[in-house]
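Remarks on the structure that follows.
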Amino acid sequence: MEQHIPKGTLGGQAVLEGIMMKGPGGYSTAVRLPDKKICVKFHKYKSYGERHPIFKIPFLRGIANFVEALTLGMKTLTYSSSFFEDDEEETKADKLFKDIFKDKAEDVILGITVVISIALALALFMFIPAGIAEFLGKWITNHFVISLIEGIIRLAIFLLYVLLIAQMDDIHRLFMYHGAEHKTINCYEAGKELKPENVIRHSRYHKRCGTSFIFFVMIVSIIVFMFITAEEMWLRLLLRLLLIPVVAGISYELIRLAGRHDGVFWDILSRPGMWVQKLTTREPDEEMIQVAIVAVEAVLYGPEYADAVNEAQGIKLPTAELDIDDLEGF
C-alpha cells in the first residue's frame with residue numbers, strides 16, 4: 001500500500017462509538033450510528049506549530065501538542081456523543097446556558113468541562129499523593145525517598161482509576177475502539193492494505209499512545225519533582241504546578257523519539273507504557289475495525305472521500321454537525 005503520510009505523524013483517539021484520526025493536514029471523526037451506518041467527517045486544520053513556529057521548538061512543541069490533543073479530544077468526543085442524544089430531554093442548565101451564551105453555549109460548556117476535568121485530575125494525581133507524602137514525612141526524613149513514594153502513590157492511583165472505570169460498559173467499548181485505532185495505525189505503518197482481515201492481525205498496542213504519554217509524565221515527574229526542596233507544602237505544590245509544562249515537554253520528546261525509532265533501547269523505553277495499555281485497550285470486533293479504517297482513509301484522501309462514504313450510505317449531516325470548529329480559534 002502506498003505510504004501517503006510519514007511514519008509517526010498519524011494518531012488519534014477513541015470517541016463514543018467511533019474514532020478520531022489526525023494527520024498532518026487535518027483530522028477525521030468516524031462514528032458508528034445506531035442504525036449501524038458509519039458517518040465520517042473530515043476537517044482541515046493547522047496545528048499550533050504550523051501557525052506559530054515557536055511551537056516547533058523541542059519541548060515547547062510537547063506543551064502545545066498536549067493542549068491541542070486535549071482540546072481536540074474533548075471536541076470530537078462531544079461531537080460523537082451528539083449522535084446519541086436525540087432522546088434526551090433538555091435540562092434546565094442546558095436551557096440557561098443557551099439563553100445566556102446563545103450560539104456559544106456549547107463552547108462555554110466544553111470549556112467548563114475541561115476546567116473541571118483538569119481540576120479533578122490535579123486533585124487526584126497531585127494534591128492527594130502530596131498530602132499522603134506530607135503525612136509520611138513525619139517518619140521519613142529523606143527528601144528523595146519521600147518524592148519516590150509520592151510518585152509511586154500517584155502511579156498507583158492512576159492504575160486503580162483505570163481499572164475501576166474499565167468496569168463500566170461504555171468505557172469498555174471505548175477501550176475496544178482504542179484497540180481498533182491502534183491496530184489500524186499499526187497496519188498502515190506496516191505498509192499493509194487496510195482491510196479488516198489485515199488489521200485484526202496487528203497489535204492493539206502502540207508506542208505513541210496517549211496512555212504511554214501519561215505513564216511517561218508520571219515517571220518524569222518523579223525525577224523532576226525530586227529537585228523541589230522547598231520546606232512549605234504550598235510552595236512545593238505551586239512549583240510543581242509551574243513545572244507541569246516542563247514535565248509534559250520532556251515526556252513528549254521521549255515518546256516522540258520512541259515512536260519514530262526502532263531498536264532494543266527504544267523498545268525497552270516504550271515497554272512499560274505499552275504494558276499499561278493492556279488496561280486501556282481491548283480487542284475490537286470487526287465493526288469497530290471498519291470504523292477505524294474509514295477514519296484513517298478519510299485522513300489519507302480528504303473531504304471528498306468522507307463525502308463519498310456518507311453519500312453511499314444515504315447520510316446527510318445537518319448543518320450543525322458539519323460546522324465543528326477546527327483548531328484555528330484556539
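The values are calculated or read from the model by the stated rules, or taken from the named source; none is laboratory data. All values reported here derive from a predicted model rather than from experimental measurement. Cβ atoms come from the backbone with ideal geometry, glycine included; neighbour counts cover every protein chain shown. Accessible surface is based on the protein model in full, side chains and every heavy atom, while ligands, DNA and RNA are left aside. Shrake-Rupley method; radii C 1.70, N 1.55, O 1.52, S 1.80 Å.
If each of LEU70 and LYS56 carries a label point 7 Å out from its Cα toward its Cβ, how far apart are those two points in nm?
2.5 nm
Accessible area per residue of segment 1-76 at 1.4 Å probe, in Å²?
It amounts to 44 Å² per residue over segment 1-76.
What number, in percent, do you get for the relative contact order of the chain if the mean sequence gap of Cα pairs under 8 Å and at least 6 apart is divided by its residue count?
That works out to 30 percent.
Contour minus end-to-end for LYS138 and LYS192, with contour as 0.36 nm per residue of separation and end-to-end as the Cα-Cα distance?
Taking LYS138 through LYS192 to full extension adds about 13.6 nm, to one decimal.
Could you compute how much accessible surface TRP266 exposes when probed at 1.4 Å, giving the result in Å² to the nearest 10?
TRP266 exposes around 50 Å² with every protein chain in place.
If the chain between LYS7 and ILE128 were fully stretched, how many nm would it gain, using 0.36 nm times the residue separation less the Cα-Cα distance?
Gain on stretching LYS7 to ILE128: 39.7 nm.
May I ask you to give the average projected area over all directions of the convex hull of the Cα atoms of segment 9-90, in nm² rounded to one decimal?
That works out to 6.2 nm².
Could you state the number of Å between the C-alpha centres of segment 131-176 and segment 206-262?
For segment 206-262 versus segment 131-176, the Cα centre distance is 15 Å.
Against the 2.2 N^0.38 Å scaling, with N counting residues, where does segment 252-299 land? I'd like the Cα-based Rg ratio to two decimal places.
1.48
Can you compute the helix-only [θ] at 222 nm over the chain? Use -39500 (n - 2.57) per DSSP H run of at least 4 residues, normalise by all residues, nearest 500 deg cm²/dmol.
Estimated from H runs of four or more residues: -20000 deg cm²/dmol.
On average, how much accessible surface per residue is there in segment 173-330, in Å², for a 1.4 Å probe, leaving out ligands, DNA and RNA?
On a per-residue basis, segment 173-330 sits at 48 Å².
Can you work out the FRET efficiency for the pair LEU163 and GLU304, with r the C-beta to C-beta distance and R0 = 51 Å, to the nearest 0.05?
E(calc), rounded to 0.05, equals 0.75.
Report D for the chain in µm² per second (integer): Stokes-Einstein, Kirkwood Rh on Cα pairs, 37 °C, 0.692 mPa s.
Answer from the Stokes-Einstein relation: 154 µm²/s.
How much of the accessible area of segment 188-284, in percent, comes from carbon and sulfur atoms when a 1.4 Å probe is used?
68 percent
At LEU235 and ILE118, where each label point lies 7 Å from the Cα along Cα→Cβ, what is the point-to-point distance in nanometres?
Output for this residue pair reads 2.6 nm.
Would you please name the GluC sites (Glu not before Pro) within segment 175-208 that are DSSP coil residues with at most 13 other C-beta atoms within 10 Å of their C-beta?
In loop regions of segment 175-208 (DSSP not H, G, I, E or B), the sparsely surrounded GluC sites (Glu not before Pro) are GLU193.
Loop-only check: which GluC sites (Glu not before Pro) in segment 1-77 are DSSP coil with at most 16 other Cβ within 10 angstrom?
GLU2
Expressed as a whole percent, how much of the Cα-Cα distance distribution for segment 114-267 exceeds 18 Å?
Distances greater than 18 Å cover 67 percent of the Cα pairs.
Taking just the alpha carbons, could you work out the radius of gyration and Dmax for segment 187-273, both in angstroms?
17.5, 59
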